[in-house]
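Undergrad: Sharing a structure below in structure tokens format, with a few things to ask.
Derivation of every value follows stated rules applied to the coordinates shown; laboratory data play no part. Here the structure is a predicted model, which is why all the values come from computation and not from measurement. As a convention, Cβ positions derive from the backbone with ideal geometry for all residues, glycine included, and neighbour counts pool all protein chains shown.
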Amino acid sequence: MTAQCSGFDIRLLGPLRVTFAGQELTMRSAQRRAVFTALALTPHRGLSKDELIAAVWGDRPPASAQGNLYTYVSALRRVLEPDRGRWSSGGVLTSEGGSYRLHVAADTVDVHRFERLRERARTPRAAGDVAGELAALDAALAQWRGDEALVGVPGPRAVSQRIRLGELYLTSVERRAELLLGLGRAAEVVDRLLALVDRHPGRESLYAVAMRALAAQGRTADARALYATLRDRLVEESGTEPGAAVRRIHEQILGTNPTVTRGHSPAPPPHPGFQGRRAALARLRQAVTALTAGRGGSLWISGEAGIGKSALLAEGLRDAAPLGVQVGWGVGDELAYRMPLSIVLECLSLGDDGGLPASLHACSGGAPPTMTVVDTVQRFVVARCAERPLLLVLDDLQWADDMSLLVWHALHNLTERLPLLLVSACRPVPAGYEVRLLRRVLPRNGTALVELGPLDDDTATRLARSWARPPGPGADTVRALVAASAGNPFYLRQLVLADRDGRTADTPGPELTEAVNRHLQPLADDTRQLLRAIAFLGNNYLVTDLAAVTGRSAPQLVPAVEEALAAGVLVEDGRRLRFRHPVIRRVLRGAIPTALRVLMHRQFAQRIAEAGGDLGRVAGQLLAGPVPVDAWVQGWLTAHAAQLSVAAPAPAIAVLRHAVASPGLSASSREVLTAQLARVLHRCGLPARAEATWVSAHTADAATRAEMSRIAGSDSPPRSAGPAVVGRS
């Protein structure tokens, strides 16, 4: 293997810039830049000619693509190694086995440095080390020149990478801004955030952190104007309101001191048209009835993202206030989860002058001792319960800070002797150690667990029809939407809205794509990458297939698979795994340009085959593209067609028909595969005369000619004249 070459510095996070030993190298044509970029993004492996052609030209390459690619590679070699001899293969950009590879270390490329530094920020974040996380994010973002990657680089590969890297950049900027807001340094981030909002007007999370930054500087009028801009755009484009996180921040800005970004958040109104969840609603309403009779209690609502926890809380607890119960409602926020006591302060700001002492509102600065906080909160709650029954709700508990979790645990000790009802709602993932510990401990103290599963089909169908505009979609369309959402009302709503605009999950719009990405964002990078690979394997894949296509052993895959299972993204089906919600698979797969999807299916087919995987799984990958019949596909089919026809007749027929219709198939392979197609069609009772007749007329093998004549003679007349599925010889 050629050694990695040193001295290069490759910048892709901005306009393409390549230097060697401090001297800038010029990449002249746009297509040459596209080829170089594709190679620089994958220095750990080579790229085949087909992959590079798809990276540059996409689905419709010109007839001269092969020759042009050779020209671009030759030109790049002259630029990268100007002293290389004419007949030397060189050491920087090499070719082997029909693929090209750029031999540079990953850290030579700023994209890989950025991703490594960004991943490094996870460790201090998990430990609550704000300074360490901020330093890692600063180092990662320092790799960027501007806020757009691969500027001026054309081609589908560059487009998909530009989108992916842009998402990572924005997420990192938002997280860094939130850390600085927690440190009282809003002035350092507000201008950058406002500039990004202008360039990404559809990204609500940017609006959220920008509004908080403006409010922290006392610019509440600007924050309200920013919210109005977002709301007007959403109403005009889709008829929807901003999301809950942005609305809460807007309400806090309207109702609090200009410098405070979190404050009282009243109980949300019930969701119109709420459907189903009878058992869970009964549990909540029974708890409220018991509370009005002076009996406290505790409930923990658990369920995946978008399953309807917040809607259930709003519907099930709506009668508490009219019955004379005091209600405190806090909602966890990923953008502020490191602010001590943030969610508890929101929950216990009960809308009057009897809130917590002002000293606790300053906890994000010099926090008082832990036990002082716990004792103060408990005394406050005891005093309020002496007046009237008290209901406290913490939604999205997975984003709660550690101090809030400690206080919440302490309050549970009061529920047995006070008219105090505590209701928590939490996703299974993400959840830090403290949240997982709390979930294990609370049931021992009497907390009732309520697991929200998917909606049944009848309930989901009623919801879909209630969200559709008259006259609404047909019954078949509704069934397809319900099936794609798999009982998740959030995904169902997004699918219904997409259907209004004439889109499907296979052609996802920005709202549906953003919704799926937002739910997957809290997962580890390894898990998200794994899910993208799984999206190309189809449903009910085996872990051995996954190991084959990723190049990782089964034990190495366990942490990512377990996280996806815990998050409810994947479910077990015997020895197999599948996506719980088909819409996630379709969105993940649909976000990749068609040409790259075909190449991935081609690679996965070969990797599964080389690992000794199931023949039907290989055929499924070849059909999913559909994958062009190249030399490897032709060789694999020729060697395995007979076995595949016995093991999996239906995929065999489909892939053989696809192959024999390929104009690039060799004459010998066409004869073998057409004969095998005739055999499997005849065995399955399907018309095979056209195929058998063609083989009989072209084969030189007497036994094959006799067999094909027999099939042609015993077969029923073909439905159309001529060997329709047989390519020209």
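Undergrad: Going by how many other beta carbons lie within 10 Å of each one, how would you line up 44, 698, 581, fewest first?
TA: On the way: 44 9, 698 17, 581 27.
Ascending Cβ contact count within 10 Å gives the list 44, 698, 581.
Undergrad: Then there is this: Evaluate E = 1/(1 + (r/R0)^6) for residue 30 and residue 710, where r is the Cβ-Cβ distance and R0 equals 60 Å; express this FRET efficiency to the nearest 0.05.
TA: Details: r = 58 Å, r/R0 = 0.97.
The calculated FRET efficiency here is 0.55.
Undergrad: Further question on the same structure: Hey, fewest Cβ within 10 Å first, where do 426, 347, 385, 684 land in order?
TA: Details: 426 23, 347 26, 385 19, 684 13.
Ordered by Cβ neighbours within 10 Å, fewest first: 684, 385, 426, 347.
Undergrad: Starting from the 7 Å offset along Cα-to-Cβ, what nm value, one decimal, do you get for the label separation of residue 281 and residue 410?
TA: The two pseudo-label positions are separated by 3.8 nm.
Undergrad: Same structure again: Given the Cα-Cα distance of residue 479 and residue 444 and 0.36 nm per residue of separation, how much length would full extension add, in nm? Before the final figure, lay out the partial values.
TA: Numbers: separation 35, 0.36 × 35 = 12.60 nm, distance 4.19 nm.
Full extension from residue 479 to residue 444 adds 8.4 nm.
Undergrad: Using the Karplus curve 6.51 cos²θ - 1.76 cosθ + 1.60 with θ = phi - 60°, work out ³J(HN,Hα) for each residue of segment 639-653 in order, rounded to whole Hz, and write x for Gly and Pro.
TA: Once θ is set to phi - 60°, the couplings for segment 639-653 become 7, 10, 4, 5, 5, 5, 5, 7, 6, 8, x, 4, x, 4, 4 Hz.
Undergrad: Gain in length, residue 576 to residue 544, computed as 0.36 nm per residue apart minus the alpha-carbon separation, to one decimal in nm?
TA: Working: separation 32, 0.36 × 32 = 11.52 nm, distance 0.98 nm.
Extending this stretch completely gives an extra 10.5 nm.
Undergrad: Another question, then. Whole-Hz Karplus ³J(HN,Hα) for segment 130-145, in order, using 6.51 cos²θ - 1.76 cosθ + 1.60 and θ = phi - 60°, x for Gly and Pro?
TA: 5, 4, x, 5, 4, 4, 5, 5, 4, 5, 5, 5, 5, 6, 8, 10
Undergrad: So, one more: Give, rounded to the nearest 20 debye, the magnitude of the charge dipole that the chain has about its Cα centre when Lys and Arg contribute +1 at Cβ and Asp and Glu contribute -1 at Cβ.
TA: Working: 85 positive and 71 negative charges, 278 e Å.
For the chain, the charge dipole is close to 1340 debye.
Undergrad: Would you work out which of 150, 27, 67 lies farthest towards the positive end of the dipole of segment 1-163? Charges go on Cβ: Lys and Arg +1, Asp and Glu -1.
TA: Comparing the listed Cα positions along the dipole, 67 ranks first.
Undergrad: Compute the normalised compactness of the chain: alpha-carbon radius of gyration over 2.2 N^0.38 Å, N being the residue count.
TA: Numbers: Rg = 30.3 Å, N = 729, 2.2 N^0.38 = 26.9 Å.
My calculation over the Cα atoms of the chain gives 1.13.
Undergrad: Among 37, 513, 123, what is the fewest-to-most ranking by other Cβ atoms within 10 Å? Spell out each step's value before the answer.
TA: Details: 37 26, 513 17, 123 12.
If I rank by nearby Cβ atoms, fewest first, I get 123, 513, 37.
Undergrad: Same structure, new question: Could you give the length gained on full extension between residue 643 and residue 232, defined as 0.36 nm per residue of separation minus the Cα-Cα distance, in nm? Let's see the in-between values first.
TA: Numbers: separation 411, 0.36 × 411 = 147.96 nm, distance 6.09 nm.
The span from residue 643 to residue 232 would gain 141.9 nm if fully extended.
Undergrad: 7 Å from Cα along Cα→Cβ at both residue 556 and residue 623: what's the point-to-point distance in nm?
TA: It is 3.1 nm.
Undergrad: How big is the charge dipole of segment 1-163 about its Cα centre, in debye rounded to the nearest 20, if each Lys and Arg gets +1 on its Cβ and each Asp and Glu gets -1 on its Cβ? Don't jump to the answer; show the numbers that get you there.
TA: Details: 22 positive and 17 negative charges, 86 e Å.
About 420 debye.
Undergrad: Measure off 7 Å from each Cα along the Cα-to-Cβ vector at residue 96 and residue 70, then give the distance between these two points in nanometres to one decimal.
TA: 2.2 nm
Undergrad: Right, next: Evaluate E = 1/(1 + (r/R0)^6) for residue 200 and residue 686, where r is the Cβ-Cβ distance and R0 equals 56 Å; express this FRET efficiency to the nearest 0.05.
TA: On the way: r = 53 Å, r/R0 = 0.95.
It comes out at approximately 0.60.
Undergrad: Hey, can you grab everything whose amide H is under 5 Å from the amide H of residue 329? Only 5+ residues off in sequence or another chain; H modelled, so Pro and N-termini drop out.
TA: Those lying under 5 Å, H to H, from residue 329 are 265, 393.
Undergrad: What are the ³J(HN,Hα) couplings of segment 601-618, residue after residue, when phi is run through the Karplus curve with 6.51, -1.76, 1.60 and θ = phi - 60°? Round to Hz, x for glycine and proline.
TA: Values per residue, Gly and Pro as x: 4, 4, 5, 5, 4, 5, 5, 5, 5, 5, 8, x, x, 4, 4, x, 5, 5 Hz.
Undergrad: OK, next. Between beta-carbons, use under 12 Å as the cut-off and find the net charge around residue 532, counting Lys and Arg +1, Asp and Glu -1.
TA: Net local charge, residue 532 excluded: +3.
Undergrad: Taking the chain as the reference, fit the longest principal axis to its C-alpha atoms, fit the long axis of helix 65-80 to the helix C-alpha atoms, and give the angle between the two in degrees, 0 to 90, nearest 10.
TA: 70 degrees
Undergrad: Further, regarding this structure: Net charge around residue 305, counting only other residues with Cβ within less than 11 Å of its Cβ (Lys, Arg = +1; Asp, Glu = -1)? Display every interim value, and only then the final one.
TA: On the way: positive: 309, 427, 518; negative: 304, 396.
Around residue 305, the surrounding residues sum to +1.
Undergrad: R0 = 30 Å: FRET efficiency of residue 162 with residue 106, Cβ-based, nearest 0.05? Present the calculation step by step, with values, prior to reporting the outcome.
TA: Numbers: r = 19 Å, r/R0 = 0.65.
In this case the efficiency is close to 0.95.
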